[in-house]
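What follows is a single structure, written as structure tokens, with notes after it.
The values are calculated or read from the model by the stated rules, or taken from the named source; none is laboratory data. Bear in mind the structure is a predicted one, so any value in this text is a computation, not a measurement. Here the Cβ positions follow ideal geometry from the backbone for every residue, glycine too, while neighbour counts run over all protein chains shown.
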Amino acid sequence: MLDKLRAEALALIAARPYCTLSTIGPAGVQVSIVTCIVQDDSVYALVSSTADHLFNLEYAIEVVLTTALWQMRGVALLLDPADGRHGSIPHDIRAWAGTEDHTVVKVFPLRMHIEAAGRRRYRETIDFDIRPAGSAPDALVS
């Protein structure tokens with residue numbers, strides 16, 4: 001049942017190409033609209049390479065992604081295309097990030113709130129395991 005809810009949550013994220021990314025750190029509270037992509041049960045955000053979000057993520061890895069229908073709290077990992085230690089970036093995402101001058105941020109969902117809409121009569125909360133299929137690096141878990 002939980003896998004079905006997680007798949008539904010990821011489908012909601014995938015249904016919209018953009019979401020709002022919020023970070024906090026030495027650059028203060030930063031909020032901006034980013035491209036959000038779900039691929040292979042992973043969430044990727046394309047963040048402008050000049051954004052202060054990247055500075056914040058060097059110090060505090062917790063992020064919030066939102067749309068009008070959902071809010072997801074998670075931890076982020078900056079992915080370097082030249083470094084395969086934390087998992088590779090899917091080829092099409094890497095190509096898009098390179099042509100758009102963006103940095104790829106992989107977001108590991110922790111908790112997602114889905115607003116009541118359509119068939120859903122009540123707000124739902126879904127908790128995620130930070131280590132799906134062993135994909136999160138140990139540094140995120142400690």
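Quick rundown of the values:
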quantity: Every residue from the stretch 45-65 that is more than 15 Å from K106 (Cα to Cα) and surrounded by fewer than 16 Cβ atoms within 10 Å (Cβ to Cβ); calculated: T50, F55, Y59
quantity: Residue among L46, L10 that alone is in contact with a helix residue (DSSP H, G or I) (Cβ under 7 Å, 6 or more places away or on another chain) and either part of a strand (DSSP E or B) or within 24 Å of E124 (Cβ to Cβ) (or both); calculated: L46
quantity: Matching residues, the stretch 104-142, being at pLDDT 70 or above and touching a His at 6+ places or on another chain (Cβ under 9 Å); calculated: V105, K106, R123, E124, T125, I126
quantity: Any hit, the stretch 64-82, residues being of a type in the set (S, T, N, Q), in contact with a Ser or Thr (Cβ under 8 Å, 6 or more places away or on another chain) and modelled with pLDDT of 90 or more; calculated: yes
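Each row is one residue, and each column tells you yes or no for (1) among the aliphatic types (A, V, I, L, M); (2) assigned to a strand (DSSP E or B).
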{"site": "T20", "(1), (2)": "no, yes"}
{"site": "A27", "(1), (2)": "yes, no"}
{"site": "I33", "(1), (2)": "yes, yes"}
{"site": "Y59", "(1), (2)": "no, no"}
